[in-house]
Amino acid sequence: MTVTDKATAGPLADVVFEVPYSSVSQYYEYYGDAPAPAVYGLSCVWQTFEVGRRLEAAGHGPVRYLVDGRHVAAVTTTADGMDVYDPYLLHLEPLRLRRADAGPNGTVTAVREAVPFRSTGAGEPAPGRVRAVWTPKRNRLRLEYTRFSPSRGHHVVSRMFTFATDRVLGAVPPPAEVVRPLLLHPEQNNLSVRVVDRDLGLHELVYPLAASAGPPHRRDLLTRDNEGRWARHGRRDFDTSLGAIADTLAVSTSELVDFVLGGVDIYRRIVPADLEIAPYSLEDE
């Protein structure tokens, strides 16, 4: 199964395909000399803002932004509930939550397929999933993103966020004095660029921030392919994924590498010397 088999039209799917996830770009914008070129994408929060902008431009607003720590999800309200949009979690259609669908315990659940679209060992489709659980009485919304793990043979939780639905982001985007400290949070243990190609699927270029000391070097770069397999610099699989990412972005591989290493250089110039950075997991999915 390919992404193309499940691709849908709409602001959410368009952002997933057209606006890559980049945890690198904001370091250029908030600590560098100039914003990053738009071709390299946006952070997860700014991806969500872009979905919201497109929704409102298409007449589907107003859009509210729910917050969980450093993460944001976009919500539009309906007469009987809400629709949820979170491009970082790679679902291509909104999660539609309606009070009329509430279960005996008062919660409302919705599930959507998500990238990556993988297959089991038996060849059965095994797409990612995003599950939304809304508890109106408690003003709580939980989003759970799972991916099929080829090595384990079942889905595993990759991300989970919990939002208070009665609290929304006040300023879009937040002021710089709010954003800058968040970029130095200790949970930020890598910088990466992730693309979703309509034919090739998911590919990611990653620089672990706990890599060797000294100036950032391309030997510390890693790639991850649609099946969740890691490849180190110097391997053929690394070059294949690197080329797929560069082609999707319409840049050269050297431009892509320079962009990521430049972001790492900015990070290392601004990070507090006593900040403990967790090691980055290199276990294949």
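Key figures
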item	result
The range 142-268: relative contact order in percent, alpha carbon pairs under 8 Å with at least 6 residues between	17 percent
Rg/Rh ratio calculated on Cα atoms of the range 216-283 (Kirkwood radius)	1.01
Fraction of accessible area attributable to carbon and sulfur, the chain (%, probe 1.4 Å)	49 percent
Tail fraction, Cα-Cα pairs, the range 77-212, threshold 20 Å, whole percent	60 percent
Spatial separation of Cα centroids for the range 237-270 and the range 75-96, in angstrom	31 Å
Simple spin-label estimate for Ala9 and Arg152 in nanometres, 7 Å along Cα-Cβ	3.8 nm
Fully extended contour minus Cα-Cα distance, from Ala57 to Tyr31, at 0.36 nm per residue	6.3 nm
Point-to-point label distance, Asp239-Arg198, nm (Cα→Cβ direction, 7 Å offset)	2.9 nm
In order through the range 228-233: 3J(HN,Hα) via Karplus (6.51 cos²θ - 1.76 cosθ + 1.60), integer Hz, x for Gly, Pro	x, 8, 8, 9, 8, 4
FRET efficiency for Glu113 and Ala273, using Cβ-Cβ distance with R0 set to 51 Å, rounded to 0.05	0.70
Inter-site label distance for Ser252 and Ala171 at 7 Å from Cα along Cβ, in nm	4.0 nm
Solvent-accessible area per residue, Å², over the range 47-88 with all protein chains present [probe radius 1.4 Å]	37 Å²
Using a Förster distance of 25 Å, the FRET efficiency for Ser281-Met160 (Cβ separation, nearest 0.05)	0.90
P(r) histogram, all alpha-carbon pairs of the chain included - 5 Å bins from 0, percent	1, 5, 12, 16, 18, 17, 14, 9, 5, 2, 1, 0
Karplus (6.51, -1.76, 1.60) ³J(HN,Hα), θ = phi - 60°, over the range 171-183, in Hz, Gly and Pro reported as x	10, 10, x, x, x, 4, 5, 8, 6, 4, x, 5, 6
The range 82-181, relative contact order [Cα under 8 Å, separation at least 6], %	18 percent
Options Ser23, Ala58, Ile270, ranked by Cα towards positive dipole end of the chain, top entry (Cβ charges)	Ala58
Extreme residue, positive dipole direction of the range 1-154, given options Gly128, Pro116, Thr8 (C-beta unit charges)	Gly128
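The values are calculated or read from the model by the stated rules, or taken from the named source; none is laboratory data. In this text the structure is predicted, and so the values were computed from the model without any measurement. As a convention, Cβ positions derive from the backbone with ideal geometry for all residues, glycine included, and neighbour counts pool all protein chains shown. Quick note on the areas: whole protein, heavy atoms, side chains included, nothing else; ligands and nucleic acids left out. Shrake-Rupley method; radii C 1.70, N 1.55, O 1.52, S 1.80 Å.
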